[in-house]
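Only one structure is covered here, and it is reproduced in the block below.
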Amino acid sequence: MAHKDVADGEIPVAADRVVMIDGEVGELISDIVQGLNTKMNLFENAFASGIRVTIPPYPIEPKSSRAIQKHSPNKGIPIRGYEGNENNCYFYEIEEKDEVLIHSDGTGVIAVISDYWDTPTGSLELPYEILDNMKIPDKQYRTDLRDVLPQMYEDVKEVLEDVWA
């Protein structure tokens, strides 16, 4: 696989994804389906991460939204503090009311906050900064990823090096 280093140019970040391949995604999929090309040009030394932010009742998933609102009402919870970082936020159960994002209804999954960097832990810095600044009552997210991700990366590094060879 061909590589492109993060330092060679900015990796595109869109509201719904961090693009980790260099080229058109649709063209790549079309080529693979047609058997024309199966090589993916990846940005080298680039790591993307995403951290999910939720509110109760998550991780419990009641069978109906009526049960959620009866036992753990979460409809209308305001979501603030992300402004200026919209490209790093992929929102789920939200709606806008009076120019403020609010939780619409559901299990409590609010968003995934993502970024990329040249190290696994570096890719977590901006998401954690955004999450720390978000003002959402009873917000929940993993706070241990800086500690566990380096070892997780080392555990799969040999496999990644074979793939990138």
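The values are calculated or read from the model by the stated rules, or taken from the named source; none is laboratory data. Not measured: the values here are computed from a predicted model. Don't worry about glycine lacking a Cβ; one is built from the backbone with ideal geometry, like all the others, and counts go over all protein chains shown.
Tell me yes or no: at least one residue of the stretch 41-49 is surrounded by 15 or more Cβ atoms within 10 Å (Cβ to Cβ), within 30 Å of residue 146 (Cβ to Cβ) and at pLDDT 85 or above.
Yes, the stretch 41-49 has at least one match.
List pairs: first residue in the stretch 30-43 and farther than 17 Å from residue 161 by Cβ, second residue in a strand (DSSP E or B) anywhere in the structure, Cβ distance under 9 angstrom, at least six positions apart or on different chains.
41/3; 41/4; 41/21
Might you let me know whether the stretch 107-119 holds any residue that is touching a residue at least 24 places away in the same chain (Cβ under 8 Å), among the small types (Gly, Ala, Ser), buried (at least 19 other Cβ atoms within 10 Å of the Cβ) and farther than 12 Å from residue 51 by Cβ? So that I can check it myself, show each step before the final result.
Of the residues in the stretch 107-119, the ones touching a residue at least 24 places away in the same chain (Cβ under 8 Å) are 107-119.
Checking the rest, the ones that are also among the small types (Gly, Ala, Ser) come to 108, 111, 114.
From what is left, the residues that are buried (at least 19 other Cβ atoms within 10 Å of the Cβ) are 108, 111, 114.
Right, trim to farther than 12 Å from residue 51 by Cβ and you get 108.
Yes, because at least one residue in the stretch 107-119 is touching a residue at least 24 places away in the same chain (Cβ under 8 Å), among the small types (Gly, Ala, Ser), buried (at least 19 other Cβ atoms within 10 Å of the Cβ) and farther than 12 Å from residue 51 by Cβ.
Yes or no: the stretch 143-151 includes at least one residue that is exposed (fewer than 11 other Cβ atoms within 10 Å of the Cβ) and touching a residue at least 12 places away in the same chain (Cβ under 8 Å).
no
Consider residue 68 against the criteria (1) in contact with a Gly (Cβ under 9 Å, 6 or more places away or on another chain); (2) of a type in the set (Val, Ile, Thr); (3) modelled with pLDDT of 95 or more: it satisfies all of them except one. Which criterion is unmet?
Answer for residue 68: the failing condition is (3).
Which ones in the stretch 120-137 are touching a residue at least 24 places away in the same chain (Cβ under 8 Å) and touching a helix residue (DSSP H, G or I) at 6+ places or on another chain (Cβ under 9 Å)?
The answer is 120, 121, 123, 124, 126, 127, 128, 130.
Hey, does the stretch 18-31 have a residue that's at pLDDT 90 or above, surrounded by 14 or more Cβ atoms within 10 Å (Cβ to Cβ), within 15 Å of the chain's Cα centre (by Cα) and in a loop (DSSP other than H, G, I, E, B)?
For the stretch 18-31, residues at pLDDT 90 or above, surrounded by 14 or more Cβ atoms within 10 Å (Cβ to Cβ), within 15 Å of the chain's Cα centre (by Cα) and in a loop (DSSP other than H, G, I, E, B): absent.
Give just the number: which of (1) touching a Ser or Thr at 6+ places or on another chain (Cβ under 7 Å); (2) buried (at least 17 other Cβ atoms within 10 Å of the Cβ); (3) in contact (Cβ under 8 Å) with a residue 60 or more places away in the chain does residue 140 not satisfy?
(2)
Quick one: which helices (runs of 4 or more DSSP H) sit completely within the stretch 48-165 and have at least 2 residues that are under 26 Å from residue 20 (Cα atoms)?
122-133, 145-164
Could you check how many residues of the stretch 31-86 are touching a helix residue (DSSP H, G or I) at 6+ places or on another chain (Cβ under 8 Å) and among the small types (Gly, Ala, Ser)?
Looking only at that region, the number is 5.
May I ask you to verify whether residue 104 is of a type in the set (Gly, Ala, Ser), buried (at least 17 other Cβ atoms within 10 Å of the Cβ) and over 19 Å from residue 125 (Cα atoms)?
Numbers: of a type in the set (Gly, Ala, Ser): yes; buried (at least 17 other Cβ atoms within 10 Å of the Cβ): yes; over 19 Å from residue 125 (Cα atoms): yes.
It is true that residue 104 is of a type in the set (Gly, Ala, Ser), buried (at least 17 other Cβ atoms within 10 Å of the Cβ) and over 19 Å from residue 125 (Cα atoms).
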